[in-house]
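Q: Here's a structure for you.
The values are calculated or read from the model by the stated rules, or taken from the named source; none is laboratory data. The shown structure was predicted, so the numbers you read here are calculated from the model rather than taken from an experiment. Cβ coordinates were reconstructed from backbone atoms using ideal geometry, including for glycine residues, and neighbour counts include every protein chain displayed.
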Amino acid sequence: EDWLFVIGLPDTAQGSSGKREVDAFKNLEPPPTVLAGDVARILLMQMIPALLEEDAEAFGAAMTGLDLKFGEHWREVQGGLFSSPVIEEGVEFLLETGALGAGQSSWGPAFYGLVQGEGRAEDVRSQLEGFLNEGGKSGTAFVAHAQNEGAEVTVTE
């Protein structure tokens, strides 16, 4: 399992969560049927086949596509395609640095990029840490492994 996620966490205002997130969803227009169709096509024809074929590049492209579709739908609520300019710049930075796909986590402020291999992940993490701490910005970056197993339920008596 050499698919890793490089996570960027800028020191910016947190995106919607808790009650604010619930209220944002209540005020959001229902997704148009075309969005539902686009999401279904990406999931069924790109993302799932990429997982089954262990094709990280295709999975990353599908992941980015989904994130952009959702960002477009949430544009009015979050003030743009991403919830802040630093997240938008961070996603672009990850893609330019060689991430196979990238996006914003929920409403932010975290954003992520998919990479292959520990060495590559550390290289991208280091570059992202530099990006997050230049020009008056501050933040941190770290590497996370995917959880490739389903939930486990333990019953004790």
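Q: Run VAL77 past the list (1) in contact with a strand residue (DSSP E or B) (Cβ under 9 Å, 6 or more places away or on another chain); (2) more than 27 Å from ASP2 (Cβ to Cβ); (3) among the β-branched types (Val, Ile, Thr) and report the number of the one that doesn't hold.
A: (1)
Q: Could you list all residues from the stretch 98-116 that are closer than 16 Å to ALA61 by Cβ and outside any strand (DSSP E or B)?
A: Matches in the stretch 98-116: GLY98, ALA99, LEU100.
Q: A further question on this structure: Report whether or not GLY119 is modelled with pLDDT of 90 or more, surrounded by fewer than 14 Cβ atoms within 10 Å (Cβ to Cβ), not in a loop (DSSP other than H, G, I, E, B) and not aromatic (Phe, Trp, Tyr).
A: On the way: modelled with pLDDT of 90 or more: yes; surrounded by fewer than 14 Cβ atoms within 10 Å (Cβ to Cβ): yes; not in a loop (DSSP other than H, G, I, E, B): yes; not aromatic (Phe, Trp, Tyr): yes.
In short, yes.
Q: Of the residues in the stretch 60-73, how many are surrounded by fewer than 20 Cβ atoms within 10 Å (Cβ to Cβ) and out of contact with any Pro (no Cβ under 7 Å at 6 or more places or on another chain)? Break it down into steps so the answer makes sense when it comes.
A: First, pick out the residues of the stretch 60-73 that are surrounded by fewer than 20 Cβ atoms within 10 Å (Cβ to Cβ): 61, 65-66, 68-73.
When the remaining residues are screened for being out of contact with any Pro (no Cβ under 7 Å at 6 or more places or on another chain), the result is 61, 65-66, 68-72.
Number of matching residues: 8.
Q: What do you reckon, is ARG120 farther than 15 Å from LEU4 by Cα and basic (Lys, Arg)?
A: no
Q: Now for a separate question. With the checklist (1) under 22 Å from LEU4 (Cα atoms); (2) assigned to a helix (DSSP H, G or I) in hand, flag the one item THR140 doesn't pass.
A: (2)
Q: If you take the residues in the stretch 48-88 that are aromatic (Phe, Trp, Tyr) and more than 23 Å from SER138 (Cβ to Cβ), which one is modelled with the lowest pLDDT?
A: Out of the qualifying residues, it is TRP74.
Q: Still on this structure, I have one more. Has the stretch 19-27 got at least one residue that is closer than 22 Å to GLY136 by Cα, more than 12 Å from the chain's Cα centre (by Cα), loosely packed, with under 12 Cβ neighbours inside 10 Å and at pLDDT below 85?
A: no
Q: Would you be able to tell me the number of residues in the stretch 62-97 that are in contact (Cβ under 8 Å) with a residue 60 or more places away in the chain, in a helix (DSSP H, G or I), touching a Phe, Trp or Tyr at 6+ places or on another chain (Cβ under 7 Å) and under 20 Å from LYS26 (Cβ atoms)?
A: The total comes to 1.
Q: Go through the stretch 122-157 residue by residue and tally those that are surrounded by 10 or more Cβ atoms within 10 Å (Cβ to Cβ) and β-branched (Val, Ile, Thr).
A: 3
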